[in-house]
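Beneath this line is the structure, given in C-alpha cells, with notes to follow.
No value in this document is a laboratory result; all are computed from the given coordinates. Quick caveat, the model's predicted, so the values are computed rather than measured. Here the Cβ is made from the backbone with ideal geometry for all residues, glycine too, and neighbour counts use every protein chain on show.
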Amino acid sequence: MKKFIPRFDFPDYNIPRTDFKGHQLKALKKFDSLRPQLNLILELRDVRAPLSTRNVLIDQLIDPRIHQRLVIYTKRDLVADNTHYLLKLSHWQQEIDEDFILIDAKRRQSARHVLDIIKSYKRQLEVRSQGLALPTGYKVLVAGMPNVGKSTLINTLRGAGSKVARTGAEAGVTRSTSETIRIGEPHDNIYLIDTPGIGLPGRLVNERQRMLSLSLCGCVKTNLVDPVVQADYLLYLANLQEPHKHYPGAPTNDVYKLLRRVQPRGAPRDNATAAAVHWLRQSHRGLIYDRELLLDTDSFSLRGYLSRQPQPEPQAKQQSRVTAHDRRLQNVHQLFPKLSGTQ
Ligand SMILES: Nc1nc2c(ncn2[C@@H]2O[C@H](COP(=O)(O)OP(=O)(O)O)[C@@H](O)[C@H]2O)c(=O)[nH]1
Ligand SMILES: [Mg+2]
C-alpha cells in the first residue's frame with residue numbers, strides 16, 4: 001500500500017481576518033479605566049491554540065510596575081494525553097520567562113489551585129508594600145479571547161451553587177464587564193472581575209490561518225468561516241497529527257471524501273456543510289490547533305514567533321494623536337487653568 005503523505009501546506013482561502021466588534025472596543029476602554037485599581041491580571045488562553053489565543057492587546061493593558069500577571073492555559077483536559085506536546089509548551093514558555101499554569105476550568109480542584117496561586121501573589125504584593133493595606137481589596141482581572149473559559153473559571157472559583165457569570169459555547173456570551181465577585185474567605189479580600197472576550201482587530205492578524213485556529217477553538221462566531229473550510233483545516237491538522245483517531249477509514253487529504261464518510265445519519269446526501277458542522281462539533285481530543293506547535297523545539301522558537309507578530313500602537317503614540325478638538329481644549333486649559341481645574 002502507498003504510504004499516506006499529509007499536506008504540508010494549507011490553501012490560502014479567502015477568510016475574514018477579524019471578528020472585532022463594537023462592544024469589544026467598549027470593553028477595552030473599560031479595561032483602561034480599571035487599570036489603576038488592578039493588582040493581578042489572569043490572562044486565559046486555550047491550551048490547544050496557545051499562539052492564536054494570545055492577545056497582544058492584553059500585553060498593552062499590563063504595566064509591569066503595578067500589575068502582576070499569570071497566564072492560565074484552559075481546556076487542559078482536552079489535551080491531557082498529549083504529554084509530548086505539554087512538555088514542548090512548558091519548554092517554550094520558559095524560553096520567554098512567562099509564569100503559567102494549565103487547568104481544566106470546570107474542575108473544583110483546578111479552581112482551588114488557582115485560588116491558592118492568587119493568594120500567593122497577594123502575599124508577594126503585601127511583602128513588597130510592607131504590609132500596606134489594600135483599601136479596596138485585591139483586584140484580579142480575568143481577561144482573554146472569547147470562549148477561552150473566563151466565566152467558567154469564575155463560576156468554579158465561586159464554588160458550586162449560585163452561578164453568576166454566564167458561560168456559553170458561542171463566542172461573545174459575556175457582553176459587559178460585570179460587577180466584581182468576591183472569592184475565597186471574606187478576610188482574604190479578593191475580588192475578581194469578569195470581562196467580555198477581546199478579539200483582535202484585522203490589522204493585528206497577520207495570517208489567515210490564525211482565524212482558522214480561532215474558529216476551531218470557538219473564539220470567533222461559528223459562521224464567520226465557512227464550515228467546509230473549517231473542516232478542511234481540521235482535516236489538515238488531524239492528518240499532521242493522528243488521522244486514525246479523528247475520522248473513519250484510510251487517511252485522506254480530500255475534505256469532500258472525508259465529509260461523505262462522517263455525514264450525520266438521516267441528513268440529505270452530499271450536504272457538505274451539514275456534514276462539516278456535524279464533524280466539527282465532535283470532540284477532537286488531543287488535537288493541537290496551532291500548526292507551528294507541531295514542529296520540534298529546534299525548528300520553532302516562541303521568542304522568534306512573538307517578535308514577528310504585529311504590535312498595537314504604543315499608548316504614548318496613541319495619546320499623541322490628539323484631535324483638533326483636544327488641541328483646542330488644551331489651549332483653553334493653558335489659558336484658563338482655573339477653569340480646567342473645576343471641570
Ligand atoms: N473541556 C473544557 N471545556 C471548557 C473549559 N473551560 C471552559 N470550557 C467550555 O468552553 C465554553 C466557553 O466557556 P466560557 O466560560 O463561556 O468562556 P468565556 O467566553 O471566556 O467566558 C463553555 O462551553 C465551557 O463549558 C475547560 O477547561 N475544559
Ligand atoms: Mg464569559
Requested in this report: Set the Förster radius R0 to 22 Å, insert the Cβ-Cβ distance between Asp32 and Val56 as r into 1/(1 + (r/R0)^6), and round the FRET efficiency to 0.05.
Outcome: 0.90
Query raised in the report: When only Cα pairs under 8 Å and 6 or more residues apart are kept, what is the percent relative contact order across the chain?
Result: 22
Query raised in the report: Arranged from highest to lowest average of other beta-carbon atoms within 10 Å per residue, in what order do the peptides 266-273, 225-232, 22-29 appear?
Result: 225-232, 22-29, 266-273
Query raised in the report: Which of the lysines could be linked to Lys30 by a straight reach, that is with a Cα gap under 22 Å, when you skip same-chain ones fewer than 8 residues away?
Result: Lys21, Lys139, Lys150, Lys317
Query raised in the report: Dividing the alpha-carbon radius of gyration of region 206-287 by 2.2 N^0.38 Å (N being the number of residues), what value is obtained?
Result: 1.04
Report task. For the chain, report the translational diffusion coefficient in µm²/s to the nearest whole number, using Stokes-Einstein at 25 °C, 0.890 mPa s, and a Kirkwood Rh over Cα pairs. Result -> 110
Report summary line: Taking every DSSP bridge whose two residues both lie in the chain, the antiparallel percent to the nearest 5 is 15
Report summary line: Kirkwood radius from Cα pairs of region 22-194 plugged into Stokes-Einstein at 25 °C, 0.890 mPa s, gives D in µm²/s equal to 147
**Report entry** Partners for Lys88 among lysines (Cα-Cα distance below 18 Å; same-chain residues under 8 apart left out)
**Finding:** Lys75
Requested in this report: Scan region 1-31 for chymotrypsin sites (Phe, Trp or Tyr not before Pro) in coil per DSSP, keeping those whose Cβ has at most 11 other Cβ atoms within 10 Å, and list them by number.
Outcome: Phe4, Phe8
Requested in this report: Sketch the reach of a paramagnetic label on Lys119 as a point 7 Å from Cα along Cα-to-Cβ, and name the residues of region 133-161 whose backbone nitrogen lies under 13 Å away.
Outcome: none
Report task. Can you figure out the FRET efficiency of Ser129 with Asn271, using R₀ = 45 Å and their beta-carbon distance, to the nearest 0.05? Result -> 0.15
Query - Calculated over region 64-135: convex hull of Cα atoms, volume per residue (Å³) - result: 105
Requested in this report: Quick one: dipole size for region 206-287, taken about the Cα centre, charges +1 on Lys/Arg Cβ and -1 on Asp/Glu Cβ, in debye to the nearest 20.
Outcome: 240
Query - Whichever aspartates and glutamates have a C-alpha closer than 16 Å to that of Lys257, once near sequence neighbours (fewer than 8 apart) are set aside - result: Asp232, Asp270
Report task. Please give the calculated 222 nm ellipticity per residue for the chain, where each DSSP H segment of at least 4 residues contributes -39500 (n - 2.57) and the sum is spread over every residue; nearest 500 deg cm²/dmol? Result -> -11500 deg cm²/dmol
Requested in this report: Might you report the magnitude of the Cβ-based charge dipole of the chain about its Cα centre, with Lys and Arg at +1 and Asp and Glu at -1, to the nearest 20 debye?
Outcome: 780
